[in-house]
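Q: Here you go, one structure.
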Amino acid sequence: MKFIYTFLFSLGAFCATAQVEKAAFIYETAPYPSCHASTLAETPTGLVGAWFGGKHEKNPDVGIWFSHYVNGKWETPVEIANGIQGDGRRYPLWNPVLYQVPGKELILFYKDGPAPDEWWGMLKRSFDGGKTWSAAERLPKDIYGPIKNKAVLLPDGTLLCPSSSEDDDWKLHMEFTRDLGKTWSRTGPLNDGVTTSAIQPSILFLPDGRLQLVCRSENGFILQAFSGDQGRTWTALEPSSLVNPNSGIDAVTLKDGRHVIVYNPVKKGRSPISVAISSDGKSWKDIATLENEPGEEFSYPAVIQTSDSKVHITYTWKRKKIKHVILSL
């Protein structure tokens, strides 16, 4: 089914039309009842997505599931990673993040372990667009990879992975790899976790060369900070103009320099889920409401712009399915 909605607005120097061209579930039925935390990437052969699925979040059967978008339809999902350990124990997997290396492999980052305060970082690689995958690689201690939202490639070829930890309060940090995950460095915590509690950042690119992060917080707002040295140091976190009900967000800088964010625009709950746009990363305008059913959960979005300039969004739909939206701006 195709849905077409049009939202007109003026934002600074921009006048734009947003159209939801298509909204559909990635799958109708699955061999698990619950899913969450989707991710998207564009490979040389097309769009791909992943998420975690199992009996329920934190259950040991939770694995990473993956699908290709082919000729306007999602293929039947397949499980590409599980938490079976060498001694036979099985732990749940968490928060997959896909990253397509330009001209090279597709990387799947994810977390393995019994809970967010105990998990560790893992990755797998695919050299054929996600058809087959390498054996899992465990990341070094205190390196988690991008914790929920996509990694970004810096001008010097360094992959910046926006990350966070939950084992000693909620704290942000940034991770860097110049060799696609073989060696790593990281910043210290960007917040104290007490007066400012934050996780799951996204990275935006500003016209003056600075980076901006936006992130989930327990402080009632999406928080933001800025970096003038490609993510090595950051200004203090401060509230943005966008409310946050302690729920995951995602954001992306478009080819034309505008920024798009997907979030829950309420103080409590995870409905509605909306899309906002900004010309400067500070002043935001809602342009679409993707779901608005009171008391339900629509959460943990992922957003990318593909080579045809379309904006693709996925999000958790009532913890039962993953929904995919194609947006034209």
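Q: Write out, first by first residue and then by second, each pair whose Cβ atoms fall under 8 Å of each other, whose residues are 6+ apart or on separate chains, and whose first residue, in segment 41-53, is among the aliphatic types (A, V, I, L, M) while the second is crowded, with 19+ Cβ neighbours inside 10 Å and outside any strand (DSSP E or B).
A: If the second residue must be crowded, with 19+ Cβ neighbours inside 10 Å and outside any strand (DSSP E or B), the pairs left are 41/150; 48/130.
Q: Do we have residue 141 as without any contact (Cβ under 8 Å) to a residue 40 or more places away in the chain, in contact with a Leu (Cβ under 8 Å, 6 or more places away or on another chain), basic (Lys, Arg) and more than 24 Å from residue 44 (Cα to Cα) here?
A: no
Q: Would you point out which residue out of 214, 243 is crowded, with 22+ Cβ neighbours inside 10 Å, at pLDDT 95 or above and within 17 Å of residue 276 (Cβ to Cβ)?
A: After applying the criteria, what remains is 214.
Table: residues versus (1) in a strand (DSSP E or B); (2) in contact with a Phe, Trp or Tyr (Cβ under 7 Å, 6 or more places away or on another chain).
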{"site": "219", "(1), (2)": "no, no"}
{"site": "223", "(1), (2)": "yes, no"}
{"site": "235", "(1), (2)": "no, yes"}
{"site": "260", "(1), (2)": "yes, no"}
{"site": "274", "(1), (2)": "yes, yes"}
{"site": "282", "(1), (2)": "no, no"}
{"site": "300", "(1), (2)": "yes, yes"}
{"site": "308", "(1), (2)": "no, no"}
{"site": "327", "(1), (2)": "yes, no"}
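Q: Residue 242 passes all but one of (1) in contact (Cβ under 8 Å) with a residue 40 or more places away in the chain; (2) within 30 Å of residue 44 (Cβ to Cβ); which number fails?
A: Evaluating residue 242 over (1) in contact (Cβ under 8 Å) with a residue 40 or more places away in the chain; (2) within 30 Å of residue 44 (Cβ to Cβ) leaves (2) as the failure.
Q: Let me ask you something else. Restricting attention to segment 218-239, which residues are free of Cβ contacts under 8 Å to residues at least 40 places away in the same chain and either among the charged types (D, E, K, R) or closer than 22 Å to residue 313 by Cβ (or both)?
A: 221, 223, 229, 238
Q: Mind telling me which of the residues 181, 121 ends up being part of a loop (DSSP other than H, G, I, E, B), under 28 Å from residue 68 (Cβ atoms) and modelled with pLDDT of 95 or more?
A: 181
Q: Take the residues in segment 285-297 that are in contact with a Phe, Trp or Tyr (Cβ under 9 Å, 6 or more places away or on another chain) and part of a loop (DSSP other than H, G, I, E, B), then tell me which one is surrounded by the fewest Cβ atoms within 10 Å (Cβ to Cβ).
A: 292
Q: Which of the residues spanning segment 237-253 are within 13 Å of the chain's Cα centre (by Cα) and part of a strand (DSSP E or B)?
A: If the condition is that a residue be within 13 Å of the chain's Cα centre (by Cα) and part of a strand (DSSP E or B), then 250, 251, 252 are the ones that fit.
Q: Evaluate segment 230-243: report whether one residue or more is in contact with a Lys or Arg (Cβ under 7 Å, 6 or more places away or on another chain) and at positive phi.
A: no
Q: Pick out the one residue from 94, 65 that is farther than 25 Å from residue 177 by Cα, touching a Phe, Trp or Tyr at 6+ places or on another chain (Cβ under 8 Å) and at pLDDT 95 or above.
A: Criteria check complete, one pass: 65.
Q: Residues to consider are 75, 42; find the one that is within 17 Å of the chain's Cα centre (by Cα), of a type in the set (Asp, Glu) and at pLDDT 95 or above.
A: On inspection, the qualifying residue turns out to be 42.
Q: How many residues, within segment 298-317, are free of Cβ contacts under 8 Å to residues at least 24 places away in the same chain and either surrounded by 22 or more Cβ atoms within 10 Å (Cβ to Cβ) or within 11 Å of residue 49 (Cα to Cα) (or both)?
A: 0
The values are calculated or read from the model by the stated rules, or taken from the named source; none is laboratory data. This structure is a prediction, so every number in the text was calculated from the model and none was measured. Heads up, the Cβs are rebuilt from the backbone with ideal geometry, glycines too, and the neighbour counts pull from every protein chain shown.
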